[in-house]
Amino acid sequence: MDTTLTIKLPKKLRDEAKETAEVLGLPLTTVIQRHLRDFVEKQEIIFTAPVLLHRTSVRALSKDAKQELARAKRLSQSEFVDL
């Protein structure tokens, strides 16, 4: 037997979620039910957020990437035959 769940959320969020579900070819109800089933079965909820890097971290990553690229170029020139 199905029941109705009423929740309050911003209208914009509801509209965007409904539109996203439609783009994916799913009813919003299906998306919500799947999330609720996962929540019940796993007894956990996972929130994700983008990792914001500080400029110094970006610089360090950029330096490492440049060094790795230079190393790869050296390897390709010395160890591999161009086809």
Review point. Hey, does the range 14-23 have a residue that's of a type in the set (A, V, I, L, M, F, W, C), in a loop (DSSP other than H, G, I, E, B) and surrounded by 12 or more Cβ atoms within 10 Å (Cβ to Cβ)?
Key: no
Study note, to complete from the structure: With criteria (1) of a type in the set (S, T, N, Q); (2) surrounded by 10 or more Cβ atoms within 10 Å (Cβ to Cβ); (3) at pLDDT 90 or above, Ser76 comes up short on (3)
Practice item. Write out, first by first residue and then by second, each pair whose Cβ atoms fall under 6 Å of each other, whose residues are 6+ apart or on separate chains, and whose first residue, in the range 24-51, is in a loop (DSSP other than H, G, I, E, B) while the second is not polar (S, T, N, Q). Key: Ile45/Phe39
Practice item. For Leu24, indicate whether it is modelled with pLDDT under 85, of a type outside the set (Ser, Thr, Tyr) and under 22 Å from the mean Cα position of the chain (by Cα). Key: no
Exercise for review: Starting from residues that are within 30 Å of Thr6 (Cβ to Cβ) and of a type in the set (S, T, N, Q), keep the ones in the range 33-66 and report whichever is modelled with the lowest pLDDT.
Suggested key: Thr48
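The values are calculated or read from the model by the stated rules, or taken from the named source; none is laboratory data. Every value quoted in this text rests on a predicted model; they were computed, and no experiment measured them. As a convention, Cβ positions derive from the backbone with ideal geometry for all residues, glycine included, and neighbour counts pool all protein chains shown.
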